[in-house]
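K.L.:
This is the structure I have questions about; it appears just below.
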Amino acid sequence: NNNLNIDAFVFLKKKITRNPFPPQFNNIVKTKTSSTTTRIHGLAEWRDNVFAPEDDDDDNLLLGGNLRKPICLLPFPFEDALLQGQTKALNLYEDRFIQLFDRAMKEHEGVMGMALINESVEDEDDDDEENVNIVINDLIPLCEVTAFNNMGDDLGVFCTIQCVGRASMEYIMEHEPGYMTAICTETIDEGSIDLIMGDKIATSIDDMIKTLSGLESELYECLQKKQERDGTLPDNVRIISSKTSDDFVDYDDGDEEVPSRLERYQQAYKEAYESDMQGYLDDNTIEGYKPGHNARELTAMSWAAYSTESHVALDAEHRIDALDTENALDRLKLALFILTEKCKLVEEEVRINKADLDGA
């Protein structure tokens, strides 16, 4: 495939909003701070207080050392999967999803899961109708409700969820209320991190993202010049428009340009680091060698490396792969490979377009 899907910010100096709610809601959104110990709901409380029902089919509720837990599931296309620390603003206006939200807040400590749905279209049958298979991924991003406001029957519930972990679905428990609840087992990275190896890979990822971010800026300048000269963009370049994403709706005057890949990576790292509740025993010093990153920092980097695109759909399959990894080191290795391939692609485009401009 020789077509190039360039990050949206390269072409579109789009605006994004800092506030996911319209201005009329600014003064009434109720928020809770997930970084304090005084919060009412959250992942820690869900771990401690929520258990599978007594009539669970399996008498042994322990699986792999983790307790099975019930969870309410909101359906999302798999392209919308959130990774550690990422947030999403929602407007729940259907009765079934408002009931789901109420149950998650009252019974599940404000924790809900993302049911990632993938639709595949098979060949047409004898009646010339397409057969659509709907598959629910057994990987579940675990999310806390971090901000919410119930606006009544007309507007429903406005809320923001943040991914704070992941789980594996065991089975769907019920579907009768119109929404899904399931039994799941929280997934935690296996083993300890090889800090020396992780530090080397993480440093390479940092350097690669800085290089890629610079190359994209350089490519943007080249394409601007070519568009001014020719009136169009090259045939093999496809603009990924951000206008279809609610994240780019402009509600206030405090908007800003879409950040660069490096800036998005830095923000994703901060969010992943601050929302991490995994707990680590690794010491940062190994036989006289002190790595530049500790286990928690490496874990945050292993998630942030998959959150550098301006539109999550561009990296959807890689994000699902990241959710399915067993440890941070595997995620770091995969991320470095993906970023290296992207860097090669953009570097080649810069070379081609510079040569074209120089020969003009």
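The values are calculated or read from the model by the stated rules, or taken from the named source; none is laboratory data. Predicted model only: the values in this text are computed from it and were never measured. Methodologically, a virtual Cβ is constructed for each residue, glycine included, from the backbone with ideal geometry; neighbour enumeration extends over all protein chains shown. Only protein heavy atoms, including side chains, enter the accessible area calculation; ligands, DNA and RNA are left aside. Shrake-Rupley method; radii C 1.70, N 1.55, O 1.52, S 1.80 Å.
K.L.:
Looking at the stretch 194-208, I want the residues that are farther than 17 Å from GLN266 by Cα and open to solvent by 20 Å² or more (accessible area, probe 1.4 Å) and have a partner that is polar (S, T, N, Q) and modelled with pLDDT under 95 with Cβ atoms under 6 Å, at least 6 apart or on another chain. Which pairs are those?
P.N.:
none
K.L.:
Given the structure, is ASP253 more than 25 Å from the chain's Cα centre (by Cα) and at pLDDT below 85? If you could, list the steps in order and put the result at the bottom.
P.N.:
On the way: more than 25 Å from the chain's Cα centre (by Cα): yes; at pLDDT below 85: yes.
When the stated conditions are applied, ASP253 passes them.
K.L.:
Cβ contacts < 6 Å: first residue at negative phi, restricted to the stretch 349-360; second residue among the hydroxyl-bearing types (Ser, Thr, Tyr) and open to solvent by 80 Å² or more (accessible area, probe 1.4 Å), any location; separation 6+ or different chain. Result?
P.N.:
Within 6 Å, no pair qualifies.
K.L.:
OK, next. Just to be sure I understand, how many residues within the stretch 68-82 are under 25 Å from LYS106 (Cβ atoms), touching a Lys or Arg at 6+ places or on another chain (Cβ under 8 Å) and aliphatic (A, V, I, L, M)?
P.N.:
Number of matching residues: 1.
K.L.:
Take the residues in the stretch 209-241 that are more than 18 Å from ASP358 (Cβ to Cβ) and modelled with pLDDT of 85 or more, then tell me which one is most open to solvent (accessible area, probe 1.4 Å).
P.N.:
LYS210
K.L.:
I would also like to ask the following. Only residues in the stretch 104-121 that are farther than 17 Å from LEU43 by Cα count as the first member; pair them with residues that are at pLDDT 90 or above and assigned to a helix (DSSP H, G or I), Cβ under 8 angstrom, at least 6 apart or cross-chain, and list the lot.
P.N.:
Close Cβ pairs satisfying both conditions: LEU116/ASP80; LEU116/ILE320.
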